[in-house]
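Okay, so here's the structure we're looking at.
The values are calculated or read from the model by the stated rules, or taken from the named source; none is laboratory data. All values reported here derive from a predicted model rather than from experimental measurement. Cβ placement follows ideal geometry from the backbone for every residue including glycine, while neighbour counts extend to all protein chains displayed. We work out accessible area using only protein heavy atoms, side chains counted, and drop any ligands, DNA or RNA first. Shrake-Rupley method; radii C 1.70, N 1.55, O 1.52, S 1.80 Å.
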Amino acid sequence: MDSSIARKNPGGFYLAVGMICAAVTALQVLQSRIFSVVTWYHLAFLTISIAMFGLTLGAIEVYRGVKEEQRRNLGKLLGESSISFGIFAVAMLLVQMCFPIIDRNLKTIVFTLPLVAGVSAACYYYAGKIVSLCLTRSSLPVGKVYAADMTGAALGCLMAIGMMKIVDAPSAVLMIAGSIIAASFMFYRPGIKQSIMVLILALGIGGLGIVNASMDKRPIYPLWTKGFSLKHAEINYEEWNPISRITVSPPIPDLPAYIPGLSPIYKIEDIEYQYLRVDSAAYTPVIKFDGKSWDDVSFVEYDVTNLVHYVPGIKSFGIIGAGGGRDILAALYFGAKRVVALDINNIQVKLLTEIPEYRSYTNLWWQPGVRIVNSEARNWFTQNSDTFDAIQMSLIDTWISSAAGAFSLMENSLYTVDAWKLFLGHLNPEGLFTVSRFHKDASACNDLCRLGTITAAALLETGKTEPWRHVFVAHSGQIITYVIGRDPLTESQLDGMHRAAERLQYTIIASPRQKAMNGHLEKILHARSEQDITNAIADLPFDVSPTTDRRPFFFNQARIWNPLQVIRQTGGGMFFQNLHGHAVATVNLYAIIVFSFLASLLVLVLPFRKALKLAPMPFIRAGTAYFMLIGLGFMFVEITLMQMMSMFLGHPVYALGIVLFSLILSTGVGSLASEWFPLDSRKRIVCWALTIAAYIMMLSASINILMGALIEESFPVRVALCAGLIFPCGAMMGFAFPTGMRLTERMSDSLTPWFWGINGAAGVVASALSVFISIGFGLPVTLMTAALCYALLAIPALRLLKK
């Protein structure tokens, strides 16, 4: 069947294009979720790099082929590529389920990481072939095909999020793989025997996904997660959602249920519990409680995270991160009359309130005065006027995040000056905000000082001139607890905490009654300005400056802009000691940037260097600069906006869906508009480049102000604001690629593979580079870098226009 397939059934052709492109973006979203489970969070963005790498390879392969032959056999090529795309989607899933992508053994990683990346790239390679063939070899208008492409891609983002709310991510991948194979019939129908085989394959793979999703003990699940193995026998309950994989398991041998912050005088007792794991490695206990035998849970008296309860008069209690219910249990034990526990993860809330087996296990949901709410904490506090005698944020950040650097923002947004000012503002007079973190060595400065700088900065910005009078810090086991007063701590409050610390043998690190144990912390708490804080930490070998919404990376303390120092810090020490873990994660990021650059150079660029002889070198330099700049600029905008809008929308997955949907759709509109309003003059090109640069700069300067002013609005209003901010940006960016293709093809279309490769390589590198810039210099700086890229576009574009 030849290219007339498109003319004979254009509606079916457009539908098939939309289905394939929806599958591409849906798979990227699903793979990001799977990578967050099987690897550290900060590697999840690799799925975008791998996808772009494979898509670009497929597109280049099309351009290297014989056009007339591809047009004659278009239907068959599309059908076969769709089948291969679906099969490799299954293969991609299986290698991610069966092999440890990261491991403490470097030899294992050297084998498994390239295997996973290679199979994944092969999957997207076939997708790239399909999209490129549809756009360049069909007889239908390119604008309409591209519109189907962009519409499908945009809908794929929402489809993936919707599927993850219903089924687990591996099952969703199988269902999508089956639909990809089924879509081959819209392109090409082989003989009856082959058609039956393809149909059986599509139904079998899709059906396997449905069956897997319906089983309590799913046969397809990650065998290796973050270098550890978790067997079926160790899972009592499993559920996925767009932000996590939650499992509940039997007790871990030799690991106590109450987290290692116990007083040294406590005698270990047998307590019945199960362990709740978030993404397979972040633990929180689910403690069995009959709802009335309070003596059975008296161990909470000996936990340093509960130090705040020894302050008299606490009756209303807010909890950020309900987890398995341990903090709720402690609040009730100490006599709180009103408890509001917030958790962003709906599965954890369901375990405590809806699932019979577990709500009857914990018996917290029916306790008088208790509310367990599924909500992102900052969003809830912004939209509610409730105030409390105390607010607790106890270990909701995982040790996995701490050790890995946690380049995602789901928890980072809670550890910023902006967030702590919000929480302090919801305290009653003399109210207390308490934060606990893993911190093994009481004398170490990293997390201790990071919390100190955020505390001091938040208090100074709320008009408190003597932060030291507001802060009490204690340590026990591997836990450090800050108790921060909205007002200066009273003598009564200090008496309660000092007596408890003395009786329970906690180490007092800081108190208004004594000099801080750590010299740097002493200087931080006595700071009277932001500059005083900067001076207090200037000589430290790691970055503990106060995190803000503009630079919210609390869990990365390596000085990312100083590679030599960071590399030295990776030597020695245990991986899970925070500073060492931060350094290792940062070195991984360096390696990913270098690997992305080299792989792109070797696979996407160098194979086409012979094409450089087909046109004058000034033309090639101008075209190369143009496509490199749009690849960098687009990815800088996309990744940064997803990060910045996460807190505003109240959920990271909403940011992912809304930003991708709006950006892809608006880019498609811009590409279509470029056909009607071509950038074919010097004036138009300069105006366009400067306008888009100015708009991105405006976003960088004002987006936080706009979101702060409207954060109390309803969810639809906030979604509309995000889409409204993104759409003009995406529409203007959509002009870039088709304009570049028109400008370069005037000279020679034989250079298209080279320019396509440059664009893909730049996008691959930019996905990692944007993380580097955001961590080191802040999210607005990444947007400003994107604005610079688009402003500079005018220079190569004008040179191409002259040719």
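Of note:
- The set of residues in segment 147-185 being more than 20 Å from Ala16 (Cβ to Cβ), at pLDDT 90 or above, among the hydrophobic types (A, V, I, L, M, F, W, C) and touching a Phe, Trp or Tyr at 6+ places or on another chain (Cβ under 7 Å) consists of Ala169 alone.
- Residue match in segment 629-636 (condition: surrounded by 22 or more Cβ atoms within 10 Å (Cβ to Cβ) and either part of a loop (DSSP other than H, G, I, E, B) or touching a Ser or Thr at 6+ places or on another chain (Cβ under 7 Å) (or both)): yes
- In segment 537-566, the residues that are part of a helix (DSSP H, G or I), without any contact (Cβ under 8 Å) to a residue 40 or more places away in the chain and aliphatic (A, V, I, L, M): Leu564, Val566
- Phe433 being under 31 Å from the mean Cα position of the chain (by Cα), surrounded by fewer than 24 Cβ atoms within 10 Å (Cβ to Cβ) and aromatic (Phe, Trp, Tyr): no
- Any chance Ala673 is open to solvent by 50 Å² or more (accessible area, probe 1.4 Å) and of a type outside the set (Ser, Thr, Tyr): no
- The sole residue among Ala341, Ala322, Ala331 that is in contact with a Leu (Cβ under 7 Å, 6 or more places away or on another chain) and either closer than 20 Å to Phe438 by Cβ or among the aliphatic types (A, V, I, L, M) (or both) is Ala322.
- Filtered residues of segment 109-166 (kept if of a type in the set (S, T, N, Q), more than 18 Å from Ser671 (Cβ to Cβ) and crowded, with 18+ Cβ neighbours inside 10 Å): Thr112, Ser120
Listed here are the residues, each with its yes/no results for (1) among the acidic types (Asp, Glu); (2) surrounded by 14 or more Cβ atoms within 10 Å (Cβ to Cβ); (3) modelled with pLDDT of 65 or more.
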{"position": "Asp539", "(1), (2), (3)": "yes, no, yes"}
{"position": "Asp543", "(1), (2), (3)": "yes, yes, yes"}
{"position": "Asp549", "(1), (2), (3)": "yes, yes, yes"}
{"position": "Phe553", "(1), (2), (3)": "no, yes, yes"}
{"position": "Ile560", "(1), (2), (3)": "no, yes, yes"}
{"position": "Leu564", "(1), (2), (3)": "no, no, yes"}
{"position": "Gln569", "(1), (2), (3)": "no, yes, no"}
{"position": "Leu579", "(1), (2), (3)": "no, yes, no"}
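- Counted residues, segment 178-206 - those being small (Gly, Ala, Ser), exposed (fewer than 14 other Cβ atoms within 10 Å of the Cβ) and farther than 24 Å from Arg71 by Cα: 1
Table: residues versus (1) part of a helix (DSSP H, G or I); (2) among the polar types (S, T, N, Q); (3) farther than 25 Å from Val659 by Cα.
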{"position": "Pro170", "(1), (2), (3)": "yes, no, no"}
{"position": "Gly178", "(1), (2), (3)": "yes, no, yes"}
{"position": "Ile181", "(1), (2), (3)": "yes, no, yes"}
{"position": "Arg189", "(1), (2), (3)": "no, no, yes"}
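- Hey, Leu690 at pLDDT 85 or above and under 15 Å from Gln643 (Cα atoms) or not: no
- From Ala154, Ala147, Ala117, residue being part of a helix (DSSP H, G or I) and over 21 Å from Ile48 (Cβ atoms): Ala147
- Residue in segment 460-472 that is over 29 Å from the mean Cα position of the chain (by Cα), closer than 18 Å to Ile391 by Cα and either charged (D, E, K, R) or not in a strand (DSSP E or B) (or both) present: yes
- Just one of the listed residues (Ala797, Ala709, Ala736) is at pLDDT 90 or above and either of a type in the set (Lys, Arg) or more than 21 Å from the chain's Cα centre (by Cα) (or both), namely Ala797.
- Number of residues in segment 310-328 that are crowded, with 24+ Cβ neighbours inside 10 Å and not in a strand (DSSP E or B): the value is 8.
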